[in-house]
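Values in this text are rule-based calculations from the coordinates and carry no lab data. It should be emphasised that the depicted structure is a prediction, and the values quoted were computed from it without experimental measurement. Cβ sites come from the backbone with ideal geometry, for glycine too, and all protein chains shown count toward neighbours.
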Amino acid sequence: MEAYHHSRISFERELQQLEHDLLEMGARAESMVVKAVDSLVLLDSGLAHEVMESDDELDAQDLVIENSCLRMLALQAPMARDLRTIGTAMKMVTDLERVGDLAVDVAKISLKIEAELGATDFIDVRSMSNVALLMLRESLQAFVNRDLDLVREVCEKDDLVDQAYRDLRGQIHAYMRSNPEADVAASWLLLAIHHLERIADHAVNIAERVNFVVTGKLESLSKHRP
C-alpha cells in the first residue's frame, strides 16, 4: 500500500509537470502568432524571421511532451480520467505545433507581401487575430482548470472569428477589384487571414478535448462541425 502511495504521488507530479510543459508550449505558440500578426500588419521582416526561428524550439517542446506522455502510458498504466488527460495532452501538442506552423506561414506571407510592395493596412487584421488568440489562451486555461464554462466560451467565439474572416475576405476582394495591380499581394493576404481562422479552429479542438477529459464524452461542440 505504501509503495502504491509513493507511486501515485510520483505520477501526480508527472501530471503536474506535463500541464506546466503544455502551458509553456502554448505560451510560445501564442507569442509566435502575436509576432506573426505584427509582422503582417507592419510588414516587418525582422519579426517575421523571429517567428520562423522560433519554430524549431516549439517542435522540440512537442517532442519532449510527447515522449513524456508515452513514458507515462508505458510505466504508470493510467486508468480512466488520468488516461484521458494524457491522451488529450498528446492531441493538444499536435494542435499547438500546428498553430506554430500557421504562425510561420503568416510570417512568410508578410515577407511575400513586402516583396510585392503590397499593403495590409486597408483591413483590420488584429480584430480577427485578437479573438483567435483569446480563444487559444482560454482553451489552455480551460484545460488547467477543467473549466467547462470556458470550454463553451471558446467554442462560441469561433462564430466571431468566422464572421470576421468573411468580413475581411469581402474587404480584400473589394480592394482587389479597385486595385488590380495589387492582386498578387492581396491574394497572399487572403491566405494569411485563412491561416488565422485555422488557428481559432485549433483552439476549438483543444477546448473539445478538455470537455472529453472532464465528461468522458468526445463530441463536437462547434456549430459548424458535423
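Would you tally the net charge around R84, using a Cβ to Cβ cut-off of less than 12 Å, leaving R84 out, and scoring K and R as +1, D and E as -1?
+4
Which helices, taking whole DSSP H runs in the chain, have alpha carbons extending 15 angstrom or more along the helix axis plus mean Kyte-Doolittle at least 0.5?
Going by DSSP H runs, the hits are 125-145, 183-215.
Could you work out how far apart the two model spin labels at N145 and T215 are, taking each label as a point 7 Å from the Cα in the direction of the beta carbon, and quote it in nm?
If labels sit at N145 and T215, their model points lie 1.9 nm apart.
Using a Gaussian network model of the chain with C-alpha springs under 10 Å, which one of T94, T215, T85 is most mobile by mean-square fluctuation?
T215
Provide D158, D167, D82 in ascending order of the number of other Cβ atoms located within 10 Å of each residue's Cβ, fewest first.
D167, D82, D158
About the Cα centre, and with charges only on the beta carbon of Lys, Arg (+1) and Asp, Glu (-1), how big is the dipole of the chain? Nearest 20 debye, please.
Taking the Cα centre of the chain as origin, the dipole is about 780 debye.
Work from the charge dipole of the stretch 117-226 (Cβ charges, +1 for Lys and Arg, -1 for Asp and Glu, about the Cα centre) and give the residue of I206, P180, I123 farthest towards its positive end.
I206
Can you find, among V99, S110, A36, the residue farthest towards the positive end of the dipole of the chain? Put +1 on the C-beta of Lys and Arg, -1 on that of Asp and Glu.
V99
Is any residue of the stretch 81-103 close enough, with backbone N under 17 Å, to a label point placed 7 angstrom from the Cα of E12 along the Cα-Cβ axis, and if so, which?
Residues passing the 17 Å test: 81-83, 85-86.
Charges at C-beta only: +1 for Lys and Arg, -1 for Asp and Glu. How large is the resulting dipole of the stretch 78-161 about its Cα centre, in Debye rounded to 20?
That gives a dipole near 380 debye.
What is the distance in Å between the Cα centroid of the stretch 87-151 and that of the stretch 41-73?
If we compute the Cα centre of each part, the gap is 13 Å.
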